[in-house]
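**Q** First the structure, then my questions, so here it is.
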Amino acid sequence: MIKFTLNGRTVETDAPATARLLDILRDEFELIGTKEGCGEGECGACSVFVNNLLQNSCLIPIGSIAGADIQTIEGIIETEQFKILDESYSIAGGVQCGYCIPGMIMASAALLSENPHPSEAEIREGISGNLCRCTGYNMIVEAINLAAKKGDGL
């Protein structure tokens, strides 16, 4: 059994150690906000926090997260930071199809946690591991900038 913390609660799985964290999150724990885009760690749709660091869950074997603290998009929904990001993305029109948005929100949260007042260049760098095929990046950058102003250091 592999035991870890998932969105604040202790869980365990008997999945093979080589199973991907992404698949365990979606199939076993039914946390479907974490998406599979490329399966190669290039698109960011599967982004989660592992011990407070943004990671691509499609690249993580479940055996490597024993004892870790995992937080998915479902785990941050109740935070003030998420509420500000959600509102900012809505105001800026940063969402179209929505497929990339959970990973984009996770990247935005990671960026703003490390740098509460990023420049446009720093925002673009901070989301550079996340691909969006619909909205384009200008409205997403605007949303993160708006969230930074509203959050004032969240």
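**Q** Compute the Cα gyration tensor for the chain, then decide on rounded, prolate or oblate, letting a ≥ b ≥ c be the square roots of its eigenvalues: rounded whenever a/c is under 1.5, prolate when a/b is larger than b/c in the other cases, and oblate in all that remain.
**A** Values: a/c = 2.16, a/b = 1.72, b/c = 1.25.
The shape class here is prolate.
**Q** With each pseudo-label sitting 7 Å past Cα toward Cβ, what's the residue 114-residue 78 distance in nm, one decimal?
**A** About 2.8 nm, to one decimal.
**Q** Just the accessible area per residue of segment 55-137, please: how many Å² with a 1.4 Å probe? Numbers along the way, then the final one.
**A** Working: 3910 Å² over 83 residues.
Averaged over the residues of segment 55-137, the accessible area is 47 Å².
**Q** Another question, if that's okay. Using only helices, what value at 222 nm comes out for the chain when you add -39,500 (n - 2.57) per DSSP H run of length 4 or more and divide by the total residues, to the nearest 500 deg cm²/dmol? Please report the intermediate quantities before stating the final value.
**A** Working: 5 runs with 52 residues, N = 154.
Roughly -10000 deg cm²/dmol at 222 nm, from the helical runs in the chain.
**Q** Gaussian network model of the chain, Cα springs within a sub-10 Å range: biggest mean-square fluctuation belongs to which of 26, 133, 124?
**A** Result: 133 has the largest fluctuation of those listed.
**Q** Of the accessible area of the chain, with the probe set at 1.4 angstrom, what percent is carbon plus sulfur?
**A** Solvent-exposed carbon and sulfur of the chain make up 48 percent of the total.
**Q** While we're looking at this one, here's another question. Pick out, in residue order, every one of the GluC sites (Glu not before Pro) in segment 77-149 that is DSSP loop and has at most 13 other C-beta atoms within 10 Å; say none if there are none. Before the final figure, lay out each step's value.
**A** Working: sites: 78, 80, 87, 114, 120, 122, 125, 142; in loops: 78.
In loop regions of segment 77-149 (DSSP not H, G, I, E or B), the sparsely surrounded GluC sites (Glu not before Pro) are 78.
**Q** Shifting gears a bit: Rounded if a/c is under 1.5, else prolate if a/b beats b/c, else oblate: with a ≥ b ≥ c from the C-alpha gyration tensor eigenvalues square-rooted, which is segment 13-78? Could the numbers behind the result be given before it?
**A** Details: a/c = 1.31, a/b = 1.11, b/c = 1.18.
Note, shape of segment 13-78 comes out rounded.
**Q** Also, I was wondering about something else. Mind counting lysine pairs for me in the chain? Cα separation below 28 Å, and the two need to be 8 or more apart along the chain or on different chains.
**A** Numbers: 3/35; 35/83; 35/150; 83/149; 83/150.
Qualifying lysine pairs in the chain: 5.
The values are calculated or read from the model by the stated rules, or taken from the named source; none is laboratory data. All values derive from a computational prediction rather than experimental measurement. Cβ sites come from the backbone with ideal geometry, for glycine too, and all protein chains shown count toward neighbours. We work out accessible area using only protein heavy atoms, side chains counted, and drop any ligands, DNA or RNA first. Shrake-Rupley method; radii C 1.70, N 1.55, O 1.52, S 1.80 Å.
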